[in-house]
Structures are given as C-alpha cells and as structure tokens.
Amino acid sequence: MAVLPIRIMGDPVLHSPASPVAEITDDIRTLVQDMFETMDAAPGVGLAAPQVGVGLRIFTYSYPDDDGAPWRGVVVNPELWMRPFEPGEPDPDDESEGCLSFPGERFPLRRSDKVVVIGTDLEGAPVRLEVDGWRARILQHEFDHLDGVLYIDRIGDGEWKTAQKIARKRGWGRPGHAWTPGVDDIDA
C-alpha cells in the first residue's frame with residue numbers, strides 16, 4: 001500500500017466527470033487500498049479517485065456511525081439520491097466543510113441532510129447507504145468529485161471570492177499542484 005499525492009484545485013482530473021469502472025481488477029483493488037492509506041494519512045473522512053489523479057467513479061469514506069462504531073467503505077460506480085436541502089444561508093458552525101483538494105480551509109455550505117447512495121463494493125456486491133447528518137455530507141462531497149465538482153464550486157459568492165484569493169496566493173488553480181500526506185506541508 002502507498003500514500004498517493006492528492007491533486008489540488010486546478011488539476012483537470014478534478015474538474016472533469018469521472019468514467020464508470022468497467023471491471024473490478026487487481027489494479028482497482030490496489031488503487032482502493034492506496035486511497036484508504038492516503039485518506040487515513042491526510043487525515044480525511046472521504047477520498048474520491050479523481051483526487052489522486054484517477055478519473056474513475058470510485059470513492060472511499062470513513063467516519064464513526066451514530067453509536068461511535070467505525071463506518072468505513074468503498075463505493076464503485078455510485079448513484080446518489082438526496083432530499084432537497086432547506087433554503088437559506090448555511091450555518092458556519094454546523095455546515096462548514098473542507099476538502100483535501102483545497103487543503104487547510106473550511107467554508108460553509110448547505111447540503112441535504114439525508115441521502116441514499118447505491119453502487120457496488122470491490123467484490124461486485126451491491127452497496128446501499130442510507131444516511132443523514134455528517135455522513136450524508138461526506139457522501140455528497142465525494143460524489144461531487146466524481147462529477148468534476150469541488151465544494152468551493154458550490155459555496156456562496158463571498159466565500160468563493162475568499163477561496164479564489166487563497167488559491168491565487170498559494171499558486172493553485174492550474175495543473176500540476178499536489179500534496180502527499182505525511183510528506184508535504186498542507187499548503188502544498
């Protein structure tokens with residue numbers, strides 16, 4: 001297993017829809033193992049294949065469930081259904097999120113409070129996740145990556161301007177920027 005470099009905003013793979021996985025091969029299994037290793041090293045609660053430079057519809061997730069037990073897995077070729085979110089401004093204390101592809105920052109973003117994700121696991125068996133709260137936010141965030149959407153693409157105008165200033169200051173927003181958890185400084 002290996003910790004992989006995480007792509008930073010501006011890399012074309014992050015801004016393009018990912019392709020479906022046609023077949024689960026040993027290379028796919030290795031990729032997923034490396035994604036778990038990378039997500040844990042970051043540390044993060046989810047990681048989509050495009051974030052490590054692979055344009056395939058795969059994401060991993062890891063977060064405690066409501067009882068504090070580990071909630072961890074992988075979804076291949078996911079589909080997402082969600083309840084419409086409540087209109088209004090997001091609460092910065094309860095509705096802020098960050099992203100390993102825009103490291104070190106958090107911005108408020110309103111998301112649906114309940115989702116269903118279906119797909120398959122690495123054995124080709126069906127996966128169905130029906131979750132709410134923070135776990136619903138994680139799944140929406142990772143699913144967005146598979147459609148070429150970063151969470152900063154969804155934030156409000158004021159926050160978006162701040163994110164763009166940060167990106168310019170750090171030299172992000174163009175291809176070629178990545179950071180490796182455990183090796184590079186978070187400001188990559």
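The values are calculated or read from the model by the stated rules, or taken from the named source; none is laboratory data. Keep in mind that what you see is a predicted model, and the values were worked out from it rather than measured. No Cβ is skipped: glycine too gets one built from the backbone with ideal geometry, and neighbour counts run over all protein chains shown. For accessibility, only protein heavy atoms count, side chains too; no ligands or nucleic acids. Shrake-Rupley method; radii C 1.70, N 1.55, O 1.52, S 1.80 Å.
Over the chain, with a Gaussian network built from C-alpha contacts below 10 Å, which listed residue (119, 156, 68) shows the highest mean-square fluctuation?
Evaluated over the chain, the most mobile residue of the options is 68.
Can you give the FRET efficiency for residue 86 and residue 27, using 1/(1 + (r/R0)^6), R0 = 30 Å, r = Cβ-Cβ distance, to the nearest 0.05?
Plugging the Cβ-Cβ distance into 1/(1 + (r/R0)^6) gives 0.10.
Sort segment 96-181 into rounded, prolate or oblate with this rule: let a ≥ b ≥ c be the square roots of the eigenvalues of the Cα gyration tensor; rounded if a/c is under 1.5, and if a/c is not under 1.5, prolate when a/b is larger than b/c, oblate otherwise.
oblate
Report the dimensions of segment 5-79 along its three principal axes from the alpha-carbon atoms, largest first, rounded to Å.
38, 28, 23
Among 28-41, 69-82, 134-147, 87-100, how do they line up from the highest to the lowest mean number of other beta-carbon atoms within 10 Å?
134-147, 28-41, 69-82, 87-100
Taking the Cα centre as origin and putting +1 on Lys and Arg beta-carbons and -1 on Asp and Glu beta-carbons, what dipole magnitude results for the chain, to the nearest 20 debye? Mind showing how you got there, number by number?
Working: 19 positive and 33 negative charges, 138 e Å.
Rounded to the nearest 20 debye, it is 660 debye.
Please compute the alpha carbon radius of gyration of the chain, then divide it by the globular-protein estimate 2.2 N^0.38 Å. Two decimals is fine. Write down the numbers at each step before the final one.
Details: Rg = 15.8 Å, N = 188, 2.2 N^0.38 = 16.1 Å.
Expressed relative to 2.2 N^0.38 Å, the Cα Rg reads 0.98.
Going toward the positive end of the dipole of segment 73-188, with +1 on Lys and Arg Cβ and -1 on Asp and Glu Cβ, which of 108, 120, 178 do you reach last?
178
log10 I(q)/I(0), Debye, Cα-only segment 47-133, no solvent, q = 0.10, 0.21, 0.23, 0.26 Å⁻¹?
Relative scattering, expressed as log10 I(q)/I(0), comes to -0.31, -1.29, -1.37, -1.36.
For the chain, give the percent of accessible area contributed by carbon and sulfur heavy atoms, probe 1.4 Å, rounded to a whole number. Don't skip to the answer; put the middle values down first.
Numbers: 4670 of 9350 Å².
That share works out to 50 percent.
Counting only heavy atoms of protein chains, what accessible area per residue, in Å², does the chain have with a probe of 1.4 Å? Please report the intermediate quantities before stating the final value.
Numbers: 9350 Å² over 188 residues.
Accessible surface, normalised per residue, equals 50 Å².
Sum -39500 (n - 2.57) across every DSSP H segment of at least 4 residues in the chain, then divide by the residue count to get the 222 nm mean residue ellipticity, nearest 500.
Working: 3 runs with 44 residues, N = 188.
Using -39500 (n - 2.57) per qualifying helix, the result is -7500 deg cm²/dmol.
Answer with one residue from 141, 84, 96: the one whose Cα lies farthest towards the positive end of the charge dipole of segment 46-155, charges on Cβ with Lys, Arg +1 and Asp, Glu -1.
141
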